[in-house]
Amino acid sequence: MTENLDATDWAILDELQRDGRIAFTELARRVNLSASATTERVRRLEAAGVVTGYRAEVDLERTGYMALAVVRLKYPGTRHEPLHRLLGERPEILECLRTTGDDCYVLKVAATSMAHLEELVDALAQFGSTTTNLVLSRPQPLRGPRAPVPSPRTAPSPAVARTAS
């Protein structure tokens, strides 16, 4: 569906990512559409799998998680199911990305204390070597995608666009 997203779709996505609970009437006002057209576009984006859900943002410290860390895991094996099982069992593992390069996985984890973080890293270490980095601050909090900005190198030149017509 990516090729079918127009500027209005991107404006809707931007607003929904800022506030997933926004009323359709307010969303419609912000994107300059009628409420019914806005509702239809949101439903189409949901049906196409572009919008996959709506979530609350939770302050980790206020819920008792005092440490946020990034754990890199070098996984020497080929059977990933035991690790995937652990990922599902441990609510402290907030996100896991399988990557290329020296590390096989990069995990974002939260812990209630340094002892809790150590126990979590020890549980992960059974699968391979780990490197843990504590997060000091979040200068750029997590955000969703925005409309891509065409790069001069990837945008077709006017001459190519004319000859292709």
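The values are calculated or read from the model by the stated rules, or taken from the named source; none is laboratory data. Just so we're clear, the structure is a prediction, and the values are computed from it rather than from any experiment. Using ideal geometry, Cβ is built from the backbone for each residue, glycine included, and neighbour counts are taken over all protein chains shown.
The set of residues in the stretch 29-48 being of a type in the set (Ser, Thr, Tyr) and either within 14 Å of residue 10 (Cβ to Cβ) or surrounded by 13 or more Cβ atoms within 10 Å (Cβ to Cβ) (or both) consists of 38, 39. Is it the case that some residue within the stretch 150-162 is modelled with pLDDT of 95 or more and not in a loop (DSSP other than H, G, I, E, B)? Scanning the stretch 150-162, I find no residue that is modelled with pLDDT of 95 or more and not in a loop (DSSP other than H, G, I, E, B), so the answer is no. Of all the listed residues (134, 120, 124), the sole one being at pLDDT 95 or above, closer than 30 Å to residue 17 by Cα and surrounded by 10 or more Cβ atoms within 10 Å (Cβ to Cβ) is 134.
Contact map, the stretch 119-137: first residue at positive phi, second residue hydrophobic (A, V, I, L, M, F, W, C) and surrounded by 10 or more Cβ atoms within 10 Å (Cβ to Cβ), Cβ cut-off under 6 Å, separation 6 or more or different chains; pairs are 128/73. Take the residues in the stretch 68-112 that are under 20 Å from the mean Cα position of the chain (by Cα) and among the hydroxyl-bearing types (Ser, Thr, Tyr), then tell me which one is surrounded by the most Cβ atoms within 10 Å (Cβ to Cβ). Filtering first and then ranking leaves 105. Restricted to strands (runs of 3 or more DSSP E) entirely inside the stretch 73-146, those with at least 2 residues that are closer than 19 Å to residue 62 by Cα are 93-98, 105-111.
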